[in-house]
Structure formats: C-alpha cells, structure tokens
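The values are calculated or read from the model by the stated rules, or taken from the named source; none is laboratory data. The structure presented is a predicted model; accordingly, all values stated were derived computationally and were not measured. With ideal geometry, Cβ positions are generated from the backbone for all residues, glycine too; neighbour counts draw on all protein chains shown. Please note that ligands, DNA and RNA were not included when accessible areas were found on the heavy atoms of the full protein model with its side chains. Shrake-Rupley method; radii C 1.70, N 1.55, O 1.52, S 1.80 Å.
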Amino acid sequence: MSAIRVMGAETEYGIHAPGTQEFNATWLSTQVVHAYSRETNHRASAGGETRWDYTDEDPLADARGWSMPRAVADPSQLTDSEPVLTAAQIALEGGEVRESSAPLMMNMVLGNGARLYVDHAHPEYSSPEVTNPLDAVRWDAAGDLVALAAVRRIAATPGVPAINLYKNNTDNKSVSYGSHENYLMPRSVPFKDIVAGLTPFFVTRAIMCGAGRVGLGQDGSGSGFQITQRADFFEAEVGLETTIRRPIINTRDEPHATAEKYRRLHVIIGDANLCQVSNFLKFGTTALVLDMIEHGTAPELEFADSVESLRAVSHDWELKENHLLADGSFVSALDVQWLYLNAAKAHCASNGSSHQETGDGHTAMVLAKWAEILTALGTDPMSLAGQLEWVAKLNLLQQYRTRDNMSWDDPRLGLIDLQWSDIRPEKGLYYKLLQHGRIQRLVSDDSITAAMTQPPADTRAYFRGRCIQAFGRNVVGASWDSVIFEVPQLRRLQRISTKEPLRGTEQLTRELFDGNPELADFLSALAL
Amino acid sequence: MASQEQKNVSSRTEEEHVDELPVPTPAPDSAAAQAATSGVDDLLDEIDGVLEVNAEEFVRGFVQKGGQ
C-alpha cells in the first residue's frame, strides 16, 4: 500500500458576527447548521435535524490501553453525549438569543457523506472518509463551500446577524480550535511504535503544511511571524486531551470501525489549510510515514524535547536553526524531513507502490511533490509562495511591510493574517491570490463543487451519502459506522451498521440504491 | 476489493494531472521584474479595497471560545 489509506479531515471554523458581542458562539454555530439545512432541504421535510448516533463513541478510551475515569475528565472531553443547548445555558454564558423561534440545530449528515455540526463553540465540517490525499484535499475544500453556502444563506436571512467564518486555528487571544486528520490503521501496530515514528515527523512537517501566523505565544502578543497557527498551543508529547494540555500525539481511541481490526489515529497537531499543495502534503506524507511505521522502515531519531522543538521550528521561518536530539546531535527541520523522504522513497520503491507504470499513482505524486518542496525550501523558500500556505501568507505580509514600512505588530498585518482565511472569495485573501493565478491548484474547482453533494465512491461514505440523498427524511440518526432509519410501517428503528470503512462503496451498493427507490424495498434488499 | 479500489483511484489521478496548473515563475530580466512589481502593487491595491475597515478594532473584536 502506501499513500493509499482511509483518511478524513475535520475543520472547526472560527466564527464571528462583526460589530457585536451580543451573540453566543454556540448559538451562532447552530445557525450555520440550520442555514445549510435550509439550503439543502435535508431533513427540512421531517422538521428536524439528523441526530448523531452516539452508540459507538468512546472519547475516554486511551490507545495506550485504558480508559480515563469520567469523573476526572474535563467536561469538554465528554463528546459522546448529545449536547443540549438551552436558553438558560446561553444566558449563563452571558449571551443573548434574539430569535427564540429559530431552532437550535446541532447536527447534520450531508449527502456527500460528511458531518456538519456544532463542536464546542464552533461549526465543524468533518469530511467523508476518502482513500487518498487528493480526495482528502477535495472533500475538505468541499467543506469550505458548504460553509460558504451557509454564510450566504445567513446573510440573506432577516433577523439573523451576518456571520463570518474563518478557516484558521486561533483568535490570537489564547484560544485555539482544531483542524484534525484521521487515518485508519491496523490495530496490530503497537502504539509505542506510532509515537516513536511519528513524533519527529510531526515536530518538523510544519515547514510544508503550516498555515502561517502573525504573533508569537498563545495570546499572540509576541511580535513576529511564525510558520504555524497551532504550535504554541501544544504542551505535551502524548495524551488523550484535545482541548487542554494538547499533545503532539493524541491517544483518543475511537475506531469508528471494527475495533478488533482497526484503530483510527486522531491527529490534532495540524493547521487548517486553504492552499491545496500544503493540504495534499499534510495527508500524503503522513500516510506514507504511517505505512513505514507499520512495516518497521521509519527513520529512528528522537528530539531531546519534542514540545520545545515543535515551537522552535514554527518560530524559525528563516529555516536557520538546528534542534537538539536525544543523542546530543543537532538537526534542522529540513534535515529531518529529508530523512523521512529518503526512507519513504526506499520503502515505496521496494514495495512497488511508487512505480511509474504499475504503482498506484498517488504515491509517486506525493514523493515527487515532497522532494520538489524540500529542495526549494533548501535553496529559496520564498520561491514556494505559489504552493505552501505559510510562504504565500508571509510573501503577502512582506509585500505590505515593504510598501507601507510596517513593523510586525502593526494591526493591519494581524488583519491580513485573519482575513487570509475568510471563506468568502470576495473577502478572503487566499482566494484573492488564487483568483490572480498566484496559487497552485491540485484539484479542479468543478470537482470540489461536485464533492459538496456527492460522496467519494470508494468508501462507506458512499453508502451514508446515498442514504441521505435517497431517504434523508427517514434517516433519524447516523454516525461514521451506522445509519438509522425510521420506517413508517415499522415500530422499531432500523439501525444499519457500517463497521468496514472500505465496504458500502459505489461498486458494492450502487445497484441496491438504483434498483430500490422505495425505502421498504431498499431495507428488504439489504437484509437479503 | 482493495486492488479494485486502487485501480479506480489510479485512473482518477491521471485525470487530475491534467488539472494541474503551472505556478507562474517570475522572469529574470529587468523589464519583466518591473512588470512583476507593478503586478504586486495592483494586487495590494485590490486587497486594500477588500480589507475590513479599522483593522485594530476588527482584530480586537475577533474573540473565540475554546475548541479542540
């Protein structure tokens, strides 16, 4: 195998109603879900949301082999129960709800197999499961169009404040929100091997997939630029939490699949990416490193202090520093990435996955792009302003600094950093550069638009998405590994389990959908 | 089934290569460099026009609650 793997992206958007502090962030987030539900008419006919099926959620299961006791968990870790948002709770948090009649919609399952919901105080789009990094880029970008459609709908709705959404990861005031990656792995791989093989890679991969940030420190009060949005918020090497004491390697062990066979590696270290090359490398290179870990071919090295080095790498946008390893030697972030790339080249050549004619295509593309980017980072990093997100952002900031003689603490640079990630093409500065042909695309705009409504063909997301498309009004609940139907003639709910991520594909289920437009017939056909 | 999946994605990849757009590379001669500079100025002028007014206040108002 190699760059081919079941994977998916989660994006929590920054949410802001400009000019007012009157509204509670969770309530604003429900309006995003509600607006998209009206936009698509999904579940509108049944008058409610598609509830999430929490049966198989287990956020306190630790991959190292135990479960955190519920009593000692932070309340934000209890993501396995339905969040109930009441007017009283909003009032407690100091917010106001002007539209008492508007429904508080927390969750939707989309016709493309994704989930759109309210996570903590942010709207989140979790992409459908895909099998390769290009599709990960495509269905993640589709989420930005989903968010855009919701924003447009809200802007046209009287009585609801205009809402801006930002694909970034911090407010520069000590708060960070995540962009997570998920990778399916065989459970047989010892977790300590994952920690050892991945940590040095994660400490340094930001030089390819960081989104860039103006400000240093969690509150952004330090003056300057750094490569990532997230690095300053990480405080531990390994751990279960995602909202506090954030770890480089997250041990949440909710496989959302047959637990004896699989684990889902939940990666919380990354930045949200708009630039497709950065996003592609984020998923593609990580998938390759996981493949090496599974086969015992990952490089062996260890930083003396991974958390410290993670931060130092992010702050060193001139790529000048070396970082201390546990054996007393020093390496640069670029050295470490070359070490991983060269090991990946050898690994993929020996298993045939990168072969130009007989390989899978994706692996060779990841290796070639990885090499191209590392070579350019070693000679002229600013030559990557059309490919890497942090370089593109830095280049724009430097152009402003040159033209207007600004220091790094000029508030306009902070605004450029923020507005870079506004998801509206007429306001977002990333989109401005894209429109001017200054940023490279890897997937076509048409294919991203199609991915808003269509699921990937080659995972169980196809089954989930087609269920919503065909029988949405009868789907009362769903999750990554289930779809629950309410059938008018039957008293009991019908729960269909989808524990195998590579089943439920178009190839396996298309005829079932095409041949059974009626739900009762469809369910009977499933039972055969 | 796994090999079938791989074939599917493999053919899709070839299709994607067609989508790929070249990155504009700045020309080395001075006339082109000058054109590039005025291109940057035009771009910044356009961005000036879409930036939120009162940068300091807008940035200060962007306050988020905790997330993952």
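All other residues whose Cβ lies under 10 angstrom from that of A:Tyr400 are scored, Lys and Arg at +1 and Asp and Glu at -1, for a net of 0. Under the simplified labelling scheme, the A:Ser221-A:Glu372 pair shows an inter-label distance of 4.3 nm, with each label point 7 Å from Cα along Cα→Cβ.
For segment A:161-237 and segment A:304-333, what is the separation of their Cα centres, given in Å? Going from one Cα centre to the other spans 16 Å.
Anything over 25 Å Cα to Cα? Flag those among A:Lys282/A:Lys345; A:Lys282/A:Lys432; A:Lys192/A:Lys393; A:Lys167/A:Lys320; A:Lys173/A:Lys393, in the order listed. Don't jump to the answer; show the numbers that get you there.
Working: A:Lys282/A:Lys345 17 Å; A:Lys282/A:Lys432 23 Å; A:Lys192/A:Lys393 36 Å; A:Lys167/A:Lys320 29 Å; A:Lys173/A:Lys393 20 Å.
Pairs exceeding 25 Å: A:Lys192/A:Lys393; A:Lys167/A:Lys320.
Show me the GluC sites (Glu not before Pro) within segment A:233-262 that DSSP assigns to loop and that have at most 12 other Cβ atoms within 10 Å of their Cβ. Mind dumping the intermediate values first?
Details: sites: A:Glu235, A:Glu237, A:Glu241, A:Glu260; in loops: A:Glu241, A:Glu260.
For GluC sites (Glu not before Pro) across segment A:233-262 that sit outside H, G, I, E and B with at most 12 neighbouring Cβ atoms in 10 Å, the list reads A:Glu260.
Which loop chymotrypsin sites (Phe, Trp or Tyr not before Pro) in segment A:328-411, with loop taken from DSSP, have no more than 15 other Cβ atoms within 10 angstrom of their Cβ?
A:Trp408
If contacts are Cα pairs under 8 angstrom and at least 6 residues apart, what is the relative contact order of chain A in percent? Working shown, then result.
Numbers: 1049 pairs, mean separation 106.4, N = 528.
Result for chain A is 20 percent.
Which number comes out as Rg/Rh for segment A:252-314 once both Rg and the Kirkwood Rh are worked out on C-alpha atoms? Result for segment A:252-314 is an Rg/Rh of 1.01.
Summarising the label geometry, the points placed 7 Å from Cα in the beta-carbon direction at A:Asp380 and A:Glu426 lie 3.7 nm from one another. Here A:Lys499 is the anchor, and the aspartates and glutamates within straight C-alpha reach of less than 17 Å, apart from those fewer than 8 places off in the same chain, are A:Asp53, A:Asp56, A:Glu57, A:Asp58, A:Glu129, A:Asp253, A:Glu254, A:Glu260, A:Asp458, A:Asp481.
Quick one: work out Rg over Rh on the C-alpha atoms of the protein assembly as shown, Rh as Kirkwood radius. Write out the running numbers ahead of the final one.
Working: Rg = 23.4 Å, Rh = 24.6 Å.
Reported Rg/Rh, Kirkwood definition of Rh: 0.95.
Over the residues of chain A, the helix contribution to mean residue ellipticity at 222 nm works out to -12000 deg cm²/dmol, using -39500 (n - 2.57) for each DSSP H run of at least 4. Working from label points 7 Å from Cα in the Cα-to-Cβ sense, the A:Gln494 to B:Asp41 distance is 6.9 nm. Candidate membrane-span-like segments in chain A, meaning DSSP H helices with Cα atoms spread over at least 24 Å of their own axis and a Kyte-Doolittle mean of 0.0 or above, are A:133-155, A:276-295, A:333-351, A:362-379, with no membrane implied. The B-A contact accounts for roughly 4800 square angstrom of buried accessible surface, both chains included, probe 1.4 angstrom.
Express the carbon and sulfur contribution to the solvent-accessible surface of chain A as a percent, rounded to the nearest whole number, probe 1.4 angstrom.
Numbers: 9580 of 18830 Å².
About 51 percent, which is the carbon plus sulfur part of the accessible surface.
Between the amide H of A:Thr498 and those of A:Ser482, A:Val483, distances stay under 5 Å, these residues lying 5 or more places away or on another chain, with hydrogens modeled in the peptide plane.
Any idea how far the Cα center of segment A:338-371 sits from the one of segment A:247-261, in Å? Going from one Cα centre to the other spans 27 Å. A straight chain from A:Gln398 to A:Lys173 at 0.36 nm per residue would run longer than the Cα-Cα distance by 78.7 nm.
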